[in-house]
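Working notes, structure below.
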Amino acid sequence: MSCSTIEYLSRWKNSFFLAVMVFLWTVTGFARAQAAPSAIESDQVSIRPGTQITTENWQTYKQFMSEGMIALFEGSHFWRMPKDVVIEVGPTTPIPLPQRYLQDTKDYAGKVELVKLPTGGYVPGGYVAGLPFPDPLKGDPSLIGEKIFWNSFYRYQPRVQGAPNFSYSIDRVGNMTQTSEEINVQSQLTFLSDPATPHTVPEAGPFYTAKFTEQVSPEQSKYSTVLDLLPADPTQFDEMYEYVPTLRRSLRLSQAARCAPVFGSDYVIDDENEGPPGLPQLYKVDYLGEKKILALEHAVPEAFDSPGTAVALDPRFYYSGGAGVVPFPKPTAGKWELRDSYVISLERLPQFSKGYCYGKRVMYVDKETYFGGAQLDLYDESGTLFKSQIIFSHPQVIPGTAGDVVELVTGSNTSFLINFRDEHLSLEPSLRSCINADCATDGYLDVSRYASPEGLMKIVQ
């Protein structure tokens, strides 16, 4: 056989094998594409809008969940998801910070620095308003967690907000009861970033915020009130008071009371700020990394028109709860979205940890709004998952702005606190909140009534 013939056959054989390889690669690639979940990106870093997450396919998406959410889907603890639960994922919708807050960040952030206390904790020095640390990943790596935490602690909130709040509980045998109705009023007294408003309210005193919660029902507990005053100086302790209607007087509470249940619920006083605990100067804060978290932060506004009935949440927006089953939001409540988040861990410094209610708190802090309560995991002293908080919310427009919005502490939101250890569940639907001038008709702008101890003596007048 001639050399040219051999060369021709060799080329033909190589071409034939190449064609076969291309064909097999195309076929198997197509098969892989058909077999892969169509709703998730091939690089596993996002979820396509339109995805439906169920108890059948949730493991494909568990990298986008907190430990508490994973525990509900796994059913590894007492509490679990409804069998027919569906989470519909939509596009991520921005929640930009208010313009005045951004301007204050630009004007004052460069003057803020972390100051180490003799006890070992850190507080920001020189803070005026806005984000104290707009670039938290820059600088000393050991302080990244501290910067993210203080950004969450000082996240934008308006001068005043107030909303009706309803508390429900579910016990281990599935009994669900509306245990109380409250009025929640939160006043921010300094470090303000509202339009045409000074950074500090003249009658503020030495306080940063005041959290006022008055019980409206049941009748036997009516007028019971808790007031928590956070100092503007973060090195100082809170002032906590409780008005006891049977005594017709208020009592100042000890610092140990921050682990006391609020009106008999699974919430304790230190859970009431939707993320950051009280006395943050007593904590060691570690940065654990970044994570995309599934969250329902654009729930439909109608979900906050009413709480539901005396024994159930509104069935239009929530599944039925029961023994070990969480009454989770239905797809009608809104579409979930992926939120870029920082993950930080908070543990009390050793000298302050004895007798405290939690061993560790893991916050998933939204990188855009610095809201740290949409998902939150709480652990006991042994490191076992104790409680998980999940909040579903709808941003509200801030009056007097060009459409700026905010996720409020008081509402519109529904907060779940799932107590895995004690097999108990507390949930709090909060209706739409008034903001700033809109709260004037209810008198919530009155500092002496809703943001000071003397106001507690005016409750039954």
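The values are calculated or read from the model by the stated rules, or taken from the named source; none is laboratory data. The shown structure was predicted, so the numbers you read here are calculated from the model rather than taken from an experiment. All Cβ positions, glycine included, derive from the backbone under ideal geometry; neighbour counts span all protein chains shown. Keep in mind that these areas ignore ligands, DNA and RNA; they rest on the heavy atoms of the full protein, side chains included. Shrake-Rupley method; radii C 1.70, N 1.55, O 1.52, S 1.80 Å.
Residue 193: net charge of surrounding residues, Cβ under 14 Å, Lys/Arg +1, Asp/Glu -1, itself excluded? Result for the local shell: 0.
To the nearest 20 Debye, how big is the dipole of segment 346-461 about its Cα centre, given +1 on the beta carbon of each Lys and Arg and -1 on that of each Asp and Glu? Mind dumping the intermediate values first?
On the way: 10 positive and 15 negative charges, 54 e Å.
The dipole magnitude comes to about 260 debye.
For the chain, the Cβ-based charge dipole about the Cα centre amounts to some 860 debye (Lys, Arg positive; Asp, Glu negative; other atoms uncharged). A simple spin-label model places the labels of residue 259 and residue 48 5.0 nm from each other, with each point 7 Å out along Cα-to-Cβ. Of the residues 164, 118, 307, the one whose Cα sits farthest towards the positive end of the charge dipole of the chain is 118 (charges of +1 on Lys and Arg Cβ, -1 on Asp and Glu Cβ, taken about the Cα centre). Amide H contacts for residue 405 (H built 1.01 Å from N in the peptide plane; partners 5 or more residues away or on another chain; cut-off under 5 Å): 398.
Could you tell me what percent of the accessible area of segment 331-461 is made up of carbon and sulfur, with a 1.4 Å probe and every protein chain present?
50 percent
Which of 138/284; 138/335; 116/138 have a Cα-Cα distance over 29 Å?
Too far apart for the 29 Å limit: 138/335.
Taking the three principal axes of the alpha carbon atoms in segment 327-461, the coordinate ranges are 48, 41, 28 Å, sorted in descending order.
Rounded to two decimals, the Cα-based Rg/Rh of segment 55-175, with Kirkwood Rh, is 1.09.
May I ask you to compute the full-extension gain from residue 106 to residue 203, defined as 0.36 nm times their residue separation minus their alpha-carbon distance, rounded to one decimal in nm? The partial results should precede the final answer.
Numbers: separation 97, 0.36 × 97 = 34.92 nm, distance 2.70 nm.
Here the answer is 32.2 nm.
For residue 396, neighbours were defined as the other residues whose beta-carbon sits under 13 Å from its Cβ, and their charges (Lys and Arg +1, Asp and Glu -1) total -3. Between the residues 221, 64, 374, the greatest Cα displacement towards the positive end of the dipole of the chain, with unit charges on the Cβ of Lys, Arg, Asp and Glu, is found for 64. Charges were assigned to the Cβ only: +1 to each Lys and Arg, -1 to each Asp and Glu. The resulting dipole of segment 191-248 about its Cα centre is roughly 160 debye. The stretch between residue 67 and residue 423 holds 126.5 nm of extra length on full extension. This uses 0.36 nm per residue minus the Cα-Cα distance. Per residue, segment 286-355 exposes an accessible area of 42 Å² to a 1.4 Å probe, with every protein chain left in place.
Electrostatic tally near residue 331: other residues with Cβ closer than 12 Å to its Cβ, Lys and Arg +1, Asp and Glu -1, net +1. Remark: the residue 142-residue 340 segment gains 69.2 nm on full extension, using 0.36 nm per residue and subtracting the alpha carbon distance.
Ranked by the mean number of other Cβ atoms within 10 Å of their residues, highest first, the peptides 213-222, 365-374 fall in the order 365-374, 213-222.
In this rough spin-label picture, where each label sits 7 Å from Cα along the Cβ direction, the residue 219-residue 249 distance is 2.8 nm. What is the angle, in °, between the Cα long axis of helix 99-108 and the longest principal axis of the Cα atoms in the chain? Nearest 10 is fine, range 0 to 90. Helix 99-108 sits roughly 90 degrees off the main axis of the chain.
Computed from the C-alpha gyration tensor, the three semi-axes of the ellipsoid equivalent to segment 159-269 are 29, 16, 14 Å, from longest to shortest.
What do the square roots of 5 times the Cα gyration tensor eigenvalues come to for the chain, in whole Å, largest first, as semi-axes of the equivalent ellipsoid?
Numbers: eigenvalues 435, 146, 90 Å².
Taking √(5λ) for each Cα gyration eigenvalue gives 47, 27, 21 Å.
For the pair segment 154-200 / segment 410-429, the C-alpha centres are spaced 14 Å from each other.
Computed from backbone phi with θ = phi - 60° and the Karplus coefficients 6.51, -1.76 and 1.60, the 3J(HN,Hα) list for segment 411-428 is x, 7, 6, 10, 10, 10, 10, 9, 8, 5, 5, 9, 6, 9, 9, 10, 9, 9 Hz; x is used for glycine and proline.
In the chain, taking the dipole from charged Cβ atoms about the Cα centre, the farthest positive-side position among 50, 191, 251 is held by 50. Protein heavy-atom accessible surface, 1.4 Å probe, per residue over segment 96-200: 39 Å².
Express in % the proportion of alpha carbon pairs of segment 109-233 at distances exceeding 25 Å. Value for segment 109-233 (Cα pairs over 25 Å): 44 percent. Calculated translational diffusion coefficient of segment 258-413 (25 °C, 0.890 mPa s; Stokes-Einstein with Kirkwood radius over alpha-carbon pairs) equals 143 µm²/s.
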